[in-house]
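Peer 1: Have a look at this one before I ask anything.
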Amino acid sequence: MLKVVTKKFSLRILVISAFFIACCFFGLLFFSNILKPTVTHVDYTVTQNNHISYYVSLIDNSFIDEKILGMNQSYIASMIQSINITFSHEASIDTRQSFDYDYTIYAKLSASYKESNGTNTEIWDKMYPLKWQNQFKAKQGTLSVNEQISIPYQDYQNIINEFKQNFGLNVDAKLDIIMEMHQVYGEDDNKTSKLLLSVPMDQDVVQISTEYDKDSVYVKDEQVSNIKMNSSLVIFLLIILGCCFCFLILLIILKILPKYSKSKYEMMKNKIKKDYSSIIIEVDNHIDFSNFTIFEIKTIEELVDLEEEVRMPILFYEKKKAGICYFVVIKDNYMYRFTLEDLEDEIL
């Protein structure tokens, strides 16, 4: 196969093809930046705004006419029917790119025991999932979430009463209503916001408190790689180009070698012609072997001995394209022939 290819294409075409593929290889390697990808920095600003509002619904009673009380007041615990909370969260990113988010709203009921040294130690807590949103995408760089939760205060108070009754402990209890907002900007930039509303339990009069970051602004310096193509595709193309280049180099070597080196066939042929130059005559005319009865001679020495016996010169005839030559002695219609073949060329 290699012999056919090397004969079909000239050395000039093979060299030009190898040069072209080498240029493609190094061009792809350079412009894809796969060895040393350049990195640019993109600054973007994220603005967040949080807010908690609530009101307290009262059970029917003959002392307070209002059924609903607003924020930041003191509330008689036995009159509380429910606490109605609104969690508000807004976020925006100046680049207007989309980002992922998810959030969870849950109640945490906990009890703390007062040590003899005056410190409070939390000895029990339990989570109660209320609402959640699985991963979602905020489009065009803006997000606005408003969630309303109604908390049945007396139900949680009953749980605390049962806990104290079972264990006989004097504990301080509280109920936390928490919204956790988790956002992902860029590839690995995470931001978590926590909005907390806390209600003391097991008290005659309660005051509700809130805790959250109202406004927050932060700037992210994101690194962006400038690889222009998918790295696996680039590697695949580089492998293909590299294999083609190596194949062409092999063909070029096979094309050049015969011009600057001699095969065993050439060396043996020239040695025979040199050693027996006095009795060998080289002929250019085509010898028609069909006109003779041919006897194949195994070695050139046997043919030389025969030449001395019959007193006829040794004729040399070569088929260069076929890679074969003949040393023959002719007497009458008989031909004594020693054949030399280029087996290396045949293998190629």
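Peer 1: May I ask for the percentage of alpha-carbon pairs in segment 264-347 that lie more than 19 Å from each other?
Peer 2: 34 percent
Peer 1: Another question, then. For the chain, what does the equivalent ellipsoid look like in terms of its semi-axes, each the square root of 5 times an eigenvalue of the Cα gyration tensor, given largest first in whole Å?
Peer 2: Semi-axes (√(5λ), whole Å): 105, 23, 15.
Peer 1: What pairs from 174/214; 67/191; 255/319 go past 30 Å between their alpha carbons?
Peer 2: Going by Cα-Cα distance, 67/191 fall outside the 30 Å limit.
Peer 1: Using only the Cα atoms of segment 40-225, build the gyration tensor, take square roots of its eigenvalues as a ≥ b ≥ c, and label the shape rounded, prolate or oblate: rounded if a/c is under 1.5, else prolate if a/b is larger than b/c, else oblate.
Peer 2: Taking the square roots of the gyration eigenvalues as a ≥ b ≥ c, segment 40-225 is prolate.
Peer 1: Let me ask another. Sort 281-292, 243-254, 170-181, 68-79 for me by packing, meaning the mean count of neighbouring Cβ atoms within 10 Å per residue, highest on top.
Peer 2: The most tightly packed comes first, giving 170-181, 243-254, 68-79, 281-292.
Peer 1: Using the Karplus curve 6.51 cos²θ - 1.76 cosθ + 1.60 with θ = phi - 60°, work out ³J(HN,Hα) for each residue of segment 297-305 in order, rounded to whole Hz, and write x for Gly and Pro.
Peer 2: Going residue by residue, I get 9, 7, 10, 5, 5, 5, 5, 5, 4 Hz, with x marking Gly and Pro.
Peer 1: Residue separation times 0.36 nm, minus the C-alpha to C-alpha distance between residue 120 and residue 203: what's the value?
Peer 2: Length difference between fully extended and current span is 28.2 nm.
Peer 1: Just how far, in whole angstrom, is segment 290-348 from segment 137-215 if you go by their alpha carbon centroids?
Peer 2: 106 Å
Peer 1: For a test of the definition: using alpha carbon positions, the gyration tensor, and the 1.5 limit on a/c, classify segment 89-178 as rounded, prolate or oblate.
Peer 2: In terms of gyration-tensor shape, prolate.
Peer 1: Another question, if that's okay. What number, rounded to the nearest 500 deg cm²/dmol, is the helix-based mean residue ellipticity at 222 nm of the chain, given -39500 (n - 2.57) per DSSP H run of at least four residues and division by all its residues?
Peer 2: -9500 deg cm²/dmol
Peer 1: Would you calculate the separation in nanometres between label points at residue 263 and residue 295, each defined as 7 Å from the Cα along the Cα-to-beta-carbon direction?
Peer 2: 3.0 nm
Peer 1: What is the gain in length, in nm to one decimal, between residue 190 and residue 211 on full extension, counting 0.36 nm per residue of separation less the C-alpha to C-alpha distance?
Peer 2: Extra length from residue 190 to residue 211 when fully extended: 5.5 nm.
Peer 1: Here's something else I'd like to know. Along the Cα→Cβ direction, 7 angstrom out, place labels at residue 274 and residue 148. What is the inter-label distance in nm?
Peer 2: Going by the 7 Å Cα→Cβ label model, 10.9 nm.
Peer 1: Further, regarding this structure: Rank 125, 332, 155 by mean-square fluctuation in a GNM of the chain with C-alpha springs under 10 angstrom and give only the top-ranked residue.
Peer 2: It is 332.
Values quoted throughout were computed directly from the atomic coordinates according to the rules given, and no laboratory measurement underlies them. Worth saying up front: this structure is predicted, and the values here are computed from it rather than measured. Counting neighbours? That spans all protein chains shown, and the Cβs are built from the backbone with ideal geometry, glycine included.
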